[in-house]
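Structure, as structure tokens:
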Amino acid sequence: MFDADTRLQTNSVWSSVGFVLNGLVFILIGLELPVVVQGLDGYSLQQAITYGLTISGIVILIRLVWMYPAAFVPRWLFPSIRASETSPGWQGTLILGWAGMRGVVSLASALSVPLLLSNGQAFPQRNLILFITFVVILVTLVFQGLTLPAIIRLTGVADMEERIPAEEQEAGIRLRLRRVALAHLAKNYESDVQDNELIGALQHRMQAEAQRTGTLLESLDYDESKRLALQRYHKVLLDVLQVQREELFVLRREDVFEEEMLRHQEAQLDLDESKINHMPH
């Protein structure tokens, strides 16, 4: 739905917005915590910490217990799920359960508790609710977050799933994209490859991963014939990039490569297209 420039700008903007919002949330926690501690009416700080740690343990335990029926009951009830999805095993389910860190959403839920009741009185134990939420966030983010790698190693889930290494995935995706681009060039631009040295250089680069054709662009004299050749080169290259982008959609439906790796390659195509769009024509 978007062109390359829009997609690049959108990703950058939302990454920045997400970073700023998360930073503001934890700044808010730091500013609010002293006020909350002072407002623990009828409870000492030690009591509040005990409640927070207890609730943290209950939250972790409930998630671990819930994940197993959520993972296996649908597989028992529906043969189609068993046929289309591999079993997560007890190891994968344990990791999913342990990965239930709490953060911004929990804090937003706690802060949504009103300050006053409908009769004008203060909401009872609001500060205690906020303090317990702070403790749960701290425990799950720090304790569960730091111990998650150890849990993964102990369960051996990485060896069990036999995932394709990231380097092999990237190489496989790039190989598929180069092949479809070369086939497209051979089918639709055979004469251009022979007559236009820029398009010929493009084909050579994809076949042998030779020196980038940017040096060739910089060395051109911009007379009329060269200008037309450059325009044709840009048009062909944009068309090739579009074919490669369509191939990424095919790869996504095949569900062989990880989404993160496919998005990385899509970003590379966007960068190439953006570079072409900002070149002199």
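One residue stands out among those in the range 195-227 that are polar (S, T, N, Q) and either more than 17 Å from Ser274 (Cβ to Cβ) or modelled with pLDDT of 70 or more (or both): the one that is surrounded by the fewest Cβ atoms within 10 Å (Cβ to Cβ), which is Ser219.
Residue pairs whose Cβ atoms lie under 6 Å apart, sitting 6 or more positions apart in sequence or on different chains, and linking a residue in the range 98-114 that is assigned to a loop (DSSP other than H, G, I, E, B) to a partner that is of a type in the set (Ser, Thr, Tyr) and open to solvent by less than 40 Å² (accessible area, probe 1.4 Å), are Met101/Thr140; Arg102/Thr140. When the range 254-278 is filtered for residues that are under 19 Å from Leu238 (Cα atoms) and of a type in the set (D, E, K, R), the ones remaining, listed by number, are Arg263, Glu266, Asp270, Asp272, Glu273, Lys275.
Going by the structure shown, is Phe134 crowded, with 16+ Cβ neighbours inside 10 Å, within 26 Å of Gly23 (Cβ to Cβ) and not small (Gly, Ala, Ser)? Taking the combined requirement at face value, the residue satisfies it. Considered as a group, the residues in the range 243-281 that are within 15 Å of Met206 (Cβ to Cβ) and open to solvent by 20 Å² or more (accessible area, probe 1.4 Å) include one that is modelled with the lowest pLDDT, and that residue is Asp272. Restricted to the range 57-86, and to residues there that are touching a helix residue (DSSP H, G or I) at 6+ places or on another chain (Cβ under 7 Å) and more than 29 Å from Phe134 (Cα to Cα), the residue that is most open to solvent (accessible area, probe 1.4 Å) is Arg82. Each residue in the range 33-59 was checked for being at pLDDT below 85 and touching a Phe, Trp or Tyr at 6+ places or on another chain (Cβ under 9 Å), and 0 of them qualify. Checking Leu230, Leu237 one by one, the residue that is open to solvent by less than 30 Å² (accessible area, probe 1.4 Å), modelled with pLDDT of 80 or more and among the hydrophobic types (A, V, I, L, M, F, W, C) is Leu237 and no other. Annotation: of all residues in the range 149-172 being out of contact with any Phe, Trp or Tyr (no Cβ under 6 Å at 6 or more places or on another chain) and at pLDDT 70 or above, the one that is most open to solvent (accessible area, probe 1.4 Å) is Arg153. Of all residues in the range 7-56, those being surrounded by 12 or more Cβ atoms within 10 Å (Cβ to Cβ) and part of a helix (DSSP H, G or I) number 23.
Of the residues that make up the range 180-193, is at least one touching a helix residue (DSSP H, G or I) at 6+ places or on another chain (Cβ under 6 Å), at pLDDT 80 or above and farther than 30 Å from Arg253 by Cα? So far as the range 180-193 goes, yes, one or more of its residues are touching a helix residue (DSSP H, G or I) at 6+ places or on another chain (Cβ under 6 Å), at pLDDT 80 or above and farther than 30 Å from Arg253 by Cα.
The values are calculated or read from the model by the stated rules, or taken from the named source; none is laboratory data. What you are looking at is a predicted structure, and each value in this text was computed from that prediction instead of being measured. Counting neighbours? That spans all protein chains shown, and the Cβs are built from the backbone with ideal geometry, glycine included. For accessibility, only protein heavy atoms count, side chains too; no ligands or nucleic acids. Shrake-Rupley method; radii C 1.70, N 1.55, O 1.52, S 1.80 Å.
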